[in-house]
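**Q** Pasting in a structure now, in structure tokens, and then I'll have a few things to ask.
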Amino acid sequence: MKSGQVKYRAREHRSGLTWKLILPSQCWHCGTTEGLSRRDFNRGVRAFDAPLPIATGTYGTAASLWLLAIVFGQWWAFNLGVLLILLGSGLLWLKSWGERVKLTFWTCAAHAEELAPPGLVSHDEDLYLFLPMEELAERARAEVIAARRREGKYTSDMPVDRSASEGRPPADAKSSPTPSVESALPTRLPGTRTELPPLKLAGDEEDPA
């Protein structure tokens, strides 16, 4: 599944609640680029808002209550676990929404009948598409990266100083002279320490006799 996974970002491929994805112009199975026909899929996927805390908080607590009911015969714990399962399912449904995914595949005549809709998962403003062939997934990932580079999303915002790589001093090197060693030393010397008289403890006084 990892080799066939392609990740799409919402800000690049989603308009409203609709994803529009066009796969590379090659047969999804054999990779040929001749005699291709277009095949469109329109699928729905459900997106959730913070599903992990809700699921672990409700389903995990319910599982602990059911274990308590089985071991000690506490049926109130079993009923409370069922109530938590229903509560967690309701919260997940309320904090979710449906999204539409429009997919465009290309196929040759020999593999047109074998093409089936791929797997889809929506998570954290990203859409994960699981393609059946590893070669098609590699080509799709390469096209996504190339599109981001064309839009300048991989360029650094910091200016690059090429003078260091070319062996030349920077432009402002003449205006700012190199400080000497004497100027780098501190001009004020630390003050001398004054010796304090020794402290006398109880019993150290001399006998007046």
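All of the numbers you see were taken from the coordinates with simple rules; none came from a lab. Just so it is clear, the model here is predicted, and its values are computed rather than measured. Note that we place each Cβ from the backbone using ideal geometry, even for glycine, and neighbour counts take in every protein chain shown.
**Q** Once Rh is set to the Kirkwood radius over Cα pairs, what Stokes-Einstein translational diffusion coefficient, in µm²/s, holds for segment 52-94 at a temperature of 10 °C and a viscosity of 1.306 mPa s? Each step should come with its number before you reach the end.
**A** Working: Rh = 10.2 Å.
Stokes-Einstein gives a translational diffusion coefficient of 156 µm²/s.
**Q** Then there is this: Along its principal axes, what span do the Cα atoms of segment 1-137 show, with the longest given first and each in whole Å?
**A** Principal-axis extents of segment 1-137 (Cα, largest first): 68, 32, 21 Å.
**Q** If r is the Cβ-Cβ distance from GLU151 to GLU114 and R0 is 30 Å, what FRET efficiency results, to the nearest 0.05?
**A** Values: r = 35 Å, r/R0 = 1.16.
Once the sixth-power term is evaluated, E becomes 0.30.
**Q** I need GLU99, GLU143, GLU151 ordered by Cβ neighbour count within 10 Å, fewest first.
**A** Details: GLU99 18, GLU143 15, GLU151 10.
Arranged by neighbour count, lowest to highest, GLU99, GLU143, GLU151 become GLU151, GLU143, GLU99.
**Q** Now for a different question. So how far apart, in nm, are the two label points at THR18 and SER89 if each is 7 Å from Cα heading toward Cβ?
**A** Placing both labels 7 Å beyond Cα along the Cβ direction yields 3.3 nm.
**Q** Sort TRP106, TRP28 by Cβ crowding within 10 Å, fewest neighbours at the top.
**A** In increasing order of surrounding Cβ atoms, one gets TRP106, TRP28.
**Q** How do ILE54, ILE22, ILE70 rank when sorted from fewest to most other Cβ atoms within 10 Å of their own Cβ?
**A** ILE70, ILE22, ILE54
**Q** Next up: Sticking with the crude label model, points 7 Å out along Cα→Cβ, report the distance from LYS102 to TYR59 in nm, one decimal please.
**A** Placing both labels 7 Å along Cα→Cβ, they lie 3.3 nm apart.
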